[in-house]
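Undergrad: Dumping the structure here so I can ask a few things about it.
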Amino acid sequence: MSENLAPFEARPPATLVRGVRGGAGPVALLLHGTAGSWRNFRPWLPALLPRVHVIAPDLPGFGESPAPPLRPRLRTWARLLHALVAELEAPPRVLVGLGLGASVALAYLQVEASLPRGSAPPPLTHLVLYAPAYYPGAIRPTFRWVVQVLGAPPVFTAVRGLIGHPRFLDWFIRHMVEDPDVPPDDARLLREDFGRASLPVLHGLARDLVRADFRPLLRVRATPTLVMVAANDPFVHAAKVERLGALMPRARVVVQRGLAHGWTADAMAEQNRLLASQGEIALKLRRVELRQLAIQKWNGSPPLVGDGTIPFTNLQMTR
């Protein structure tokens, strides 16, 4: 499905962002996982591309997007994303965050909430979060300890040297990221992405991630939300992520049993099924919205043209 995507390049303030886009429907902004790239979403493209127009950037400092001369913080990266979608003239109606990208997505919503009235983008129709570290208590102590230890200058210098060593990188990926049943091609891409990630950017964002508390934001967030997490995720407590179902007004939480951080073929099949059902709802809501706007514009009469589409859209509607 990646052959249906076209590369893009944009220049938000002080940085260069590269990524891919494609598909038809409402715009979906996809934010990849820790030290990843847009390629993290390859398994989800079969469910997404028929239903949404995907914009999948490599976050600054990862993939093919160079690290900018900015202090790496979640809200700073979120502001860069707001500038990105403004430059692309593609405000998202669906927001998807994976791991670290879930924290960036929540920071994106915080920035959006602080925008002056009248300058905020259209509201989201759907939010999708995979393994969100939405407050410090949801994060496993081992991961918090690793982030703190990495901040010590001697350790940070040593890790910067080790991360480029193939054997160390192989050990880290095998024990912390992938499951034994992860397809070999996906495992190869994970190694490539980790090998080219900016460690200072990763560390700066991770330090923010382990301290951020998004619960006040999520308590009042009425956007229909799909939350997915692996039962044995090494970074977050699945049981605490599951509590989002009670915290958020319209959240559906799915815990994938017998799974750690990597995605097996069966796990990806379930994820695609969940995303497809969520995507169909998003597309229906967008069609209703466009139809209502068009009817208002034409004084109450459904304004269909000869081929059964609403003017200025590619949506086919019936009277």
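Undergrad: Being within 17 Å of Tyr108 (Cα to Cα) and touching a helix residue (DSSP H, G or I) at 6+ places or on another chain (Cβ under 6 Å) is the filter here, so list the residues in region 29-53 that pass it.
TA: Result: Leu30, Leu31, His32, Gly33, Thr34.
Undergrad: Within region 59-155, considering only helices (runs of 4 or more DSSP H) that don't extend past its boundaries, which have at least 2 residues that are of a type in the set (Phe, Trp, Tyr)?
TA: 141-150
Undergrad: For region 223-252, name all the residues that are assigned to a strand (DSSP E or B) and either in contact with an Asp or Glu (Cβ under 7 Å, 6 or more places away or on another chain) or basic (Lys, Arg) (or both).
TA: Arg252
Undergrad: Just a yes or no: is a residue in region 18-35 assigned to a helix (DSSP H, G or I), farther than 16 Å from Leu202 by Cβ and touching a Pro at 6+ places or on another chain (Cβ under 9 Å)?
TA: no
Undergrad: While we're here: Only residues in region 35-50 that are more than 24 Å from Leu199 (Cα to Cα) and of a type outside the set (Gly, Ala, Ser) count as the first member; pair them with residues that are modelled with pLDDT of 85 or more and surrounded by fewer than 22 Cβ atoms within 10 Å (Cβ to Cβ), Cβ under 7 angstrom, at least 6 apart or cross-chain, and list the lot.
TA: Note: pairs meeting the criteria are Leu48/Gly23; Leu49/Gly22; Leu49/Gly23.
Undergrad: Pull out all pairs, ordered by first then second residue, where Cβ-Cβ is under 8 Å, the residues are six or more apart or on different chains, the first lies in region 194-220 and is closer than 25 Å to Arg18 by Cβ, and the second is of a type in the set (D, E, K, R) and buried (at least 21 other Cβ atoms within 10 Å of the Cβ).
TA: Pairs found: none.
Undergrad: If you scan region 55-71, which residues turn out to be surrounded by 23 or more Cβ atoms within 10 Å (Cβ to Cβ), more than 11 Å from the chain's Cα centre (by Cα) and more than 15 Å from His203 (Cα to Cα)?
TA: Gly63, Ser65 - these are the residues of region 55-71 that are surrounded by 23 or more Cβ atoms within 10 Å (Cβ to Cβ), more than 11 Å from the chain's Cα centre (by Cα) and more than 15 Å from His203 (Cα to Cα).
Undergrad: On the given criteria, is Leu81 closer than 20 Å to Val253 by Cα and out of contact with any Asp or Glu (no Cβ under 6 Å at 6 or more places or on another chain)?
TA: It is false that Leu81 is closer than 20 Å to Val253 by Cα and out of contact with any Asp or Glu (no Cβ under 6 Å at 6 or more places or on another chain).
Undergrad: Something else now. Across region 42-54, what is the number of residues that are surrounded by 21 or more Cβ atoms within 10 Å (Cβ to Cβ), closer than 20 Å to Leu88 by Cα and not basic (Lys, Arg)?
TA: Summing the residues that are surrounded by 21 or more Cβ atoms within 10 Å (Cβ to Cβ), closer than 20 Å to Leu88 by Cα and not basic (Lys, Arg) in region 42-54 gives 3.
Undergrad: Here's another thing I want to ask about it. State which residue is surrounded by the most Cβ atoms within 10 Å (Cβ to Cβ) when the search covers only region 126-153 and only residues that are at pLDDT 85 or above and touching a His at 6+ places or on another chain (Cβ under 9 Å).
TA: Ala131
Undergrad: Which one of these does Arg51 not meet: (1) assigned to a loop (DSSP other than H, G, I, E, B); (2) more than 27 Å from Arg188 (Cβ to Cβ); (3) out of contact with any Gly (no Cβ under 8 Å at 6 or more places or on another chain)?
TA: Of the numbered conditions (1) assigned to a loop (DSSP other than H, G, I, E, B); (2) more than 27 Å from Arg188 (Cβ to Cβ); (3) out of contact with any Gly (no Cβ under 8 Å at 6 or more places or on another chain), the odd one out for Arg51 is (3).
Undergrad: Continuing with the same structure: Which residue is surrounded by the fewest Cβ atoms within 10 Å (Cβ to Cβ), if the candidates are limited to region 9-28 and must be touching a Gly at 6+ places or on another chain (Cβ under 9 Å) and under 17 Å from Asn40 (Cβ atoms)?
TA: For region 9-28, the residue satisfying everything is Arg18.
Undergrad: Tell me, which residue of region 1-17 that is among the aliphatic types (A, V, I, L, M) and either in a loop (DSSP other than H, G, I, E, B) or under 24 Å from Ala206 (Cβ atoms) (or both) is modelled with the lowest pLDDT?
TA: First pass over region 1-17, keeping only residues among the aliphatic types (A, V, I, L, M): 1, 5-6, 10, 14, 16-17.
Within this subset, residues satisfying the condition of being either in a loop (DSSP other than H, G, I, E, B) or under 24 Å from Ala206 (Cβ atoms) (or both) are 1, 5, 14, 16-17.
Values: Met1: 54, Leu5: 92, Ala14: 89, Leu16: 95, Val17: 97.
Selected residue: Met1.
Okay, residues lined up against (1) modelled with pLDDT of 60 or more; (2) outside any loop (DSSP other than H, G, I, E, B); (3) closer than 24 Å to Leu45 by Cβ:
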{"site": "Arg221", "(1), (2), (3)": "yes, no, no"}
{"site": "Ala260", "(1), (2), (3)": "yes, no, yes"}
{"site": "Ala276", "(1), (2), (3)": "yes, yes, yes"}
{"site": "Ser301", "(1), (2), (3)": "no, no, no"}
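The values are calculated or read from the model by the stated rules, or taken from the named source; none is laboratory data. Since the structure is predicted, the reported quantities are computational estimates derived from the model, not experimental observations. Note that each Cβ is placed from the backbone with ideal geometry, even for glycine, and that neighbours are counted across all protein chains shown.
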